[in-house]
Amino acid sequence: MSTSVTIRRPEGAVRGSVALPPSKSVANRALVLASLAGNLHCVKDFGIADDVRLLHQFLKERQHTMHCGDGGTTFRFLLAWACVQEGEEHLVTGSERLLQRPHAPLVEALRTLGADITATATGFLVCGRKMAGGRIVLHSPESSQFLSALLMVAPGFVQGLQLQWTGLRLSEPYVRMTIALLKQFGSTLHEDAHGLHVAPGTLHAAPFHVPADWSAASFWYQIAATAPGSEVSLRALKADGLQGDEAIASLLDGCVSSEATSAGRVLRCKIERPTQPFTADLVRTPDLFQPLVFTMAALGRSATFTGLHNLPLKETDRLKAVADAVQVLGCKADHEAGTFHLSGPITNRHPPPFDPQGDHRMAMALAPLALICGAVTILDPEVVNKSYPGFWEDMGTVGFRVEFP
């Protein structure tokens, strides 16, 4: 296991072809629904990312103790899944940081709907049973994963589920993704002024192929925006509206030409890029914050980002971590109440090694800074295995020099 990786700027233009990993978000939802439908084998091409691999293992082996590491999605989806496994008992647990993240609203909602969940010193002990279901209200939940977890197990409730979502809707595209996949697995679901209604019924499994990951693609948009003369082909990447992080293409449209082809998409750095201050409301797509803020820092553009209310609750406090990193680079940053302000440009071209603090997206967003600094060193390079195990190899494919000690 390497303790660090050093990324060095390519000697020529950034050019090459990359096979992105399958979408972690789509894969995790499809695997849970396939398990509930009784045919885990129907999900194809779900990849080897740590979060997905662990979830698949737990759904397949149905172990008593399910340690989810740092995987918030894995943890919350398994918690709901375990509640409807009649006659089974499971301890759902994870790392210290994961257990400190918010889960109480999901646990209380599941209990209200009939679940048997006991909080322990090491996680949650769940005794599976037939749940009554009914009506639940979630007001400005810290994570959209709470809604997705409830929706996926709702077809198994005696009364189904009426779910009302009020207040701030963080990461709504992920809930829309869950709804689309529920329908694909045969659930009867509709939406009206009173919320989302999932009818009781049986899910049906059919072959499902997990698409390429737009969240992973965002780091290649960052690279293309920062590297004049770049041309990167992202194989099998399609815009079909399922993944909210498709928004990266429009958000960086002024910097990156993104051409759809029969093989995927081709990214090219635009010769003339905007210089005016950049603004973006990321309430629907907060996972794009890191690649966007480091893109703007690299281009020397001031930027204001809003809708970032839940970023302090991720693998690390992403607002503080990003602010610390850009300040090391010589930029100025401040943040409060879900808003982040950046002003640059980067003046420190020889930064010390960066610690991603257990955050896969932090590591991948820092790596392209080699284009500006000449070289960057990142500690704990294996952290990218959470969502994109081949990231360092792919950087080498397009010309970066990737060095492990």
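The values are calculated or read from the model by the stated rules, or taken from the named source; none is laboratory data. Quick caveat, the model's predicted, so the values are computed rather than measured. Backbone-built Cβ (ideal geometry, glycine too); neighbour counts: all protein chains shown.
Restrict the check to the range 148-163 and report whether at least one residue is surrounded by 21 or more Cβ atoms within 10 Å (Cβ to Cβ), within 27 Å of the chain's Cα centre (by Cα) and either under 21 Å from THR316 (Cα atoms) or at pLDDT below 95 (or both).
Within the range 148-163, none of the residues are surrounded by 21 or more Cβ atoms within 10 Å (Cβ to Cβ), within 27 Å of the chain's Cα centre (by Cα) and either under 21 Å from THR316 (Cα atoms) or at pLDDT below 95 (or both).
When the residues of the range 7-37 are filtered to those that are part of a strand (DSSP E or B) and among the charged types (D, E, K, R), which remaining residue is farthest from GLY71 (Cα to Cα)?
So the residue we want is ARG15.
Tell me which residues, restricted to the range 340-372, are in contact (Cβ under 8 Å) with a residue 60 or more places away in the chain and either in a helix (DSSP H, G or I) or buried (at least 17 other Cβ atoms within 10 Å of the Cβ) (or both).
Answer for the range 340-372, where residues must be in contact (Cβ under 8 Å) with a residue 60 or more places away in the chain and either in a helix (DSSP H, G or I) or buried (at least 17 other Cβ atoms within 10 Å of the Cβ) (or both): GLY358, ARG361, MET362, MET364, ALA365, LEU366, ALA367, PRO368, LEU369, ALA370, LEU371, ILE372.
Scanning the range 330-339 for residues that are under 19 Å from THR279 (Cα atoms) and in a loop (DSSP other than H, G, I, E, B), which turns out modelled with the highest pLDDT?
CYS331
Does the range 164-183 hold any residues that are surrounded by fewer than 22 Cβ atoms within 10 Å (Cβ to Cβ) and in contact with a strand residue (DSSP E or B) (Cβ under 7 Å, 6 or more places away or on another chain), and which are they?
Result: GLN164, TRP165, THR166, GLY167, ILE179, LYS183.
Count, please, the residues in the range 288-313 that happen to be surrounded by 24 or more Cβ atoms within 10 Å (Cβ to Cβ) and either modelled with pLDDT under 95 or part of a helix (DSSP H, G or I) (or both).
10
Among the listed residues ALA216, ALA224, identify the single one that is modelled with pLDDT of 95 or more, surrounded by 19 or more Cβ atoms within 10 Å (Cβ to Cβ) and touching a strand residue (DSSP E or B) at 6+ places or on another chain (Cβ under 7 Å).
ALA224
For the range 10-36: of the residues being among the basic types (Lys, Arg) and crowded, with 19+ Cβ neighbours inside 10 Å, which is farthest from LEU371 (Cα to Cα)?
If we filter the range 10-36 for residues that are among the basic types (Lys, Arg), which is where we start, we get 15, 24, 29.
If we keep only those that are crowded, with 19+ Cβ neighbours inside 10 Å as well, we get 24, 29.
Numbers: LYS24: 27, ARG29: 36 Å.
Across the range 10-36, the extreme among qualifying residues is ARG29.
State the number of residues belonging to the range 243-277 that are under 21 Å from the mean Cα position of the chain (by Cα) and among the hydroxyl-bearing types (Ser, Thr, Tyr).
So the count comes out to 1.
With the checklist (1) touching a His at 6+ places or on another chain (Cβ under 6 Å); (2) closer than 22 Å to ALA280 by Cβ in hand, flag the one item HIS335 doesn't pass.
The single condition HIS335 does not satisfy is (1).
Which residue pairs have Cβ atoms under 6 Å apart, sit 6 or more places apart or on different chains, and have a first residue in the range 77-99 that is under 30 Å from ASP317 (Cβ atoms) and a second that is surrounded by fewer than 23 Cβ atoms within 10 Å (Cβ to Cβ) and β-branched (Val, Ile, Thr)?
LEU91/THR65; THR93/THR122
Within the range 139-161, count every residue that is assigned to a helix (DSSP H, G or I) and closer than 11 Å to SER187 by Cα. Spell out how you get there, then give the answer.
Restricting attention to the range 139-161, the residues satisfying the condition of being assigned to a helix (DSSP H, G or I) are 145-156.
Within this subset, residues satisfying the condition of being closer than 11 Å to SER187 by Cα are 151-156.
Of the residues in that region, 6 qualify.
Would you be able to tell me the number of residues in the range 55-73 that are modelled with pLDDT of 95 or more and part of a helix (DSSP H, G or I)?
Adding up the residues that qualify gives 7.
Restricting to the range 1-28, give me the number of residues that are in contact with a Gly (Cβ under 7 Å, 6 or more places away or on another chain), of a type in the set (A, V, I, L, M) and closer than 30 Å to GLN57 by Cα.
1
Which residue, of LEU125, LEU138, LEU79, is out of contact with any Lys or Arg (no Cβ under 6 Å at 6 or more places or on another chain) and crowded, with 24+ Cβ neighbours inside 10 Å?
LEU79 is the lone residue from the list that is out of contact with any Lys or Arg (no Cβ under 6 Å at 6 or more places or on another chain) and crowded, with 24+ Cβ neighbours inside 10 Å.
Across the range 74-102, which residue is nearest to PHE124 (Cα to Cα) among those that are at pLDDT below 95 and out of contact with any helix residue (DSSP H, G or I) (no Cβ under 7 Å at 6 or more places or on another chain)?
Result: LEU99.
Do you know which of the residues in the range 245-287 that are free of Cβ contacts under 8 Å to residues at least 60 places away in the same chain, assigned to a loop (DSSP other than H, G, I, E, B) and basic (Lys, Arg) is nearest to GLY338 (Cα to Cα)?
ARG273
For residues in the range 101-122 being free of Cβ contacts under 8 Å to residues at least 60 places away in the same chain and in a loop (DSSP other than H, G, I, E, B), which is surrounded by the fewest Cβ atoms within 10 Å (Cβ to Cβ)?
Looking at the filtered set, the residue picked out is ALA121.
Here is a list: GLY307, GLY338. Which entry is under 17 Å from the mean Cα position of the chain (by Cα) and at positive phi?
That would be GLY307, the only listed residue that is under 17 Å from the mean Cα position of the chain (by Cα) and at positive phi.
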